[in-house]
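Peer 1: Take this structure, written in structure tokens, and hold onto it; I'll ask about it next.
The values are calculated or read from the model by the stated rules, or taken from the named source; none is laboratory data. What you see is a predicted model; the values in this text were computed from it and never measured. In this analysis, Cβ positions are derived from the backbone assuming ideal geometry, glycine residues included, and neighbour counts consider all displayed protein chains.
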Amino acid sequence: MEKSIQTEIIIHASREKVWEVLTDFSSYALWNPFMVSASGKLAKGQRLKIQLQNGSSTMTFSPAVRSVIPGFSFSWEGRLFFKGLFDGYHFFKIIQNSSNQVKLVQGERFSGIFSRMIFHKIGASTAVNFDRMNRELKKRAEMKEIRATNHIKITGDA
């Protein structure tokens, strides 16, 4: 039985800025309250190393990157021990609304023999954590967008 979570947020920044924040894994510790650490090469077939923080507990896993469309989306798949027990397919999509506004969609589909039981235990907190991450990503991307557009130029004699 498959279970899923999907969250969305509107971000007032360019698609490029959102992509830059989302894929800068080395900066996750500075702003990301859920995925507090991430490393690895974002390329199909590569393994990432992700550390999740949920309350006082942490979990580290190494999902395989399944797809990357630079500037638009990427996904990974992780599993508990071996395929079919508890598998998670995680994705991010950046959808252009206007030149300076996007919708970020973050979601995960859970499947496998233990998906119903584990989802019952972690589903609600995972959705809350996705939302927390989205809101912090929004703040960071919008701040980067403001800094990029607020150039100060002084000319003439002082």
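Peer 1: Consider Ser56 carefully, then state whether it is closer than 29 Å to Glu145 by Cα, polar (S, T, N, Q) and either free of Cβ contacts under 8 Å to residues at least 60 places away in the same chain or in contact with a Gly (Cβ under 9 Å, 6 or more places away or on another chain) (or both).
Peer 2: Against the criterion (closer than 29 Å to Glu145 by Cα, polar (S, T, N, Q) and either free of Cβ contacts under 8 Å to residues at least 60 places away in the same chain or in contact with a Gly (Cβ under 9 Å, 6 or more places away or on another chain) (or both)), Ser56 does not qualify.
Peer 1: Still on this structure, I have one more. In the stretch 63-81, what residues are at pLDDT 95 or above and small (Gly, Ala, Ser)?
Peer 2: The answer is Ala64, Ser67, Gly71, Ser73, Ser75.
Peer 1: Go over the candidates Gly40, Gly45 one by one and state the one that is more than 12 Å from the chain's Cα centre (by Cα), at pLDDT 95 or above and exposed (fewer than 14 other Cβ atoms within 10 Å of the Cβ).
Peer 2: Within the list Gly40, Gly45, the selection yields Gly45.
Peer 1: It is to be established whether one or more residues within the stretch 84-92 are farther than 18 Å from Arg15 by Cβ, touching a strand residue (DSSP E or B) at 6+ places or on another chain (Cβ under 9 Å), modelled with pLDDT of 90 or more and exposed (fewer than 15 other Cβ atoms within 10 Å of the Cβ).
Peer 2: No, because not a single residue in the stretch 84-92 is farther than 18 Å from Arg15 by Cβ, touching a strand residue (DSSP E or B) at 6+ places or on another chain (Cβ under 9 Å), modelled with pLDDT of 90 or more and exposed (fewer than 15 other Cβ atoms within 10 Å of the Cβ).
Peer 1: Could I ask something else about it? Please identify the pairs in which a residue from the stretch 108-121 that is surrounded by 17 or more Cβ atoms within 10 Å (Cβ to Cβ) has its Cβ atom under 6 Å from the Cβ atom of a residue that is assigned to a loop (DSSP other than H, G, I, E, B) and aromatic (Phe, Trp, Tyr), counting only partners at least 6 apart or on another chain.
Peer 2: Correct list of pairs: Gly112/Phe86; Ser115/Phe86; Ile118/Phe86.
Peer 1: Next up: If Pro33 satisfies every condition in (1) at pLDDT 95 or above; (2) of a type outside the set (Ser, Thr, Tyr); (3) over 12 Å from the mean Cα position of the chain (by Cα); (4) assigned to a loop (DSSP other than H, G, I, E, B) but one, which is the exception?
Peer 2: Here Pro33 meets the rest and fails (3).
Peer 1: Please enumerate the residues belonging to the stretch 1-18 that are under 17 Å from Gly71 (Cα atoms) and either surrounded by 20 or more Cβ atoms within 10 Å (Cβ to Cβ) or over 13 Å from the mean Cα position of the chain (by Cα) (or both).
Peer 2: Ile10, Ile11, His12, Ala13, Ser14, Arg15, Glu16, Lys17, Val18
Peer 1: Still on this model: What are the pairs, 6+ residues apart or on separate chains, where a residue within the stretch 18-40 that is touching a residue at least 12 places away in the same chain (Cβ under 8 Å) and closer than 21 Å to Val102 by Cα has its Cβ under 8 Å from a residue that is outside any loop (DSSP other than H, G, I, E, B) and among the polar types (S, T, N, Q)?
Peer 2: Pairs found: Val21/Ser27; Phe25/Ser39.
Peer 1: In contact with a strand residue (DSSP E or B) (Cβ under 7 Å, 6 or more places away or on another chain) and surrounded by fewer than 16 Cβ atoms within 10 Å (Cβ to Cβ) - does that describe any residue in the stretch 24-31?
Peer 2: Yes - at least one qualifying residue is present in the stretch 24-31.
Peer 1: Using the structure shown, decide if Gly78 is at positive phi and without any contact (Cβ under 8 Å) to a residue 40 or more places away in the chain.
Peer 2: So Gly78 does not fit the description; no.
Peer 1: In the stretch 7-30, what residues are in contact with a Lys or Arg (Cβ under 9 Å, 6 or more places away or on another chain) and assigned to a strand (DSSP E or B)?
Peer 2: Glu8, Ile9, Ile10, Ile11
Peer 1: Ok, one more. Looking at the stretch 93-107, can you tell me whether even one residue there is in contact with a His (Cβ under 6 Å, 6 or more places away or on another chain), within 16 Å of Met133 (Cβ to Cβ) and not in a loop (DSSP other than H, G, I, E, B)?
Peer 2: Within the stretch 93-107 (the criterion being in contact with a His (Cβ under 6 Å, 6 or more places away or on another chain), within 16 Å of Met133 (Cβ to Cβ) and not in a loop (DSSP other than H, G, I, E, B)), the answer is no, since none of the residues qualifies.
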